[in-house]
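Chemist: Dumping the structure here so I can ask a few things about it.
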Amino acid sequence: MTEIKKKKKKLVWPWVLLGLGVIAVLIYFLAFHDYNGETNEVPKISELIGTEETDLVSEPVSTEETDLINVKENNSTVAAYINFVETSKNKMSLEHEYTNEALSKLVEATNAMAGEVGYEVRADIEKVKEYAEMIEKDPFATTHADSIKKADDILTNVLQNIQKAKYPGLTNEVAELKIASESIKPGVLTLDQKDGVKTFFSKAADLLHKMN
């Protein structure tokens, strides 16, 4: 009887060891594998940091972040035009010296502002310069208003495009500039509508001041 009991004890131990082995395997798979059979590795700190940076870059940029109205460019060419308009409001002689200089400085200021924000305006600026030269060549011509009107319309369009791309908060200022440009009538002597011409330059100065 003693020998039979010893044999039973010897037979039990292999089964116990096998059961422990199965349990160990189950614990391993539960701890280190997910239900899809993929290993659950602890992510490295560098990997977590990289993921966060990627998420930040891929987030869409809001309109407030693209509005440069609070960014001070402090462009000296733009400032020179604004200063000229502010200090020359009461000037407008028969030789159209004020108009010529104001238009010339506005062309330079618009070109400078476009350069600050990376907006291509070369073709438009060249066209405006042609109209400005027409005014300068013959100061006594009666067709100055036509050239001024065409130049102002081009500059207004350029400034509006810059505003839409970089300064969405300046919609009202551009609207006022467009109204001023539309008020200038071709076929009417410039001196007979000098207030409208000066208003246009003033509105352009106000817009550029807020961009700069």
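We did not get these values from a lab; they are worked out from the coordinates using the rules stated. None of these values were measured; they are calculated from a predicted model. As a convention, Cβ positions derive from the backbone with ideal geometry for all residues, glycine included, and neighbour counts pool all protein chains shown.
Chemist: In which sequence would Val107, Val174 go, from the one with the fewest C-beta neighbours within 10 Å to the one with the most?
Modeler: Val174, Val107
Chemist: Right, something else. So what are the ³J(HN,Hα) numbers for region 155-171, from phi and the Karplus equation (6.51, -1.76, 1.60; θ = phi - 60°), rounded to whole Hz, Gly and Pro as x?
Modeler: Taking θ as phi minus 60°, the curve returns 5, 4, 5, 4, 5, 5, 5, 5, 4, 5, 7, 10, 9, x, x, 9, 4 Hz for region 155-171.
Chemist: Separate question: Of the cross-linked pairs Lys178/Lys198; Lys105/Lys149; Lys105/Lys210; Lys89/Lys164, which ones have a Cα-Cα span greater than 24 Å in the structure shown?
Modeler: Lys89/Lys164
Chemist: Over region 82-198, what relative contact order in percent results from Cα pairs under 8 Å that are six or more residues apart?
Modeler: Values: 103 pairs, mean separation 30.1, N = 117.
This gives 26 percent for region 82-198.
Chemist: Also, quick follow-up: List the residues, sorted by chain then number, that are 5 or more residues from Val188 or on another chain and whose placed amide H is less than 5 Å from its amide H.
Modeler: none
Chemist: Of the peptides 175-188, 155-168, 115-128, how do they stack up when ordered by the mean number of other Cβ atoms within 10 Å, highest first?
Modeler: 155-168, 175-188, 115-128
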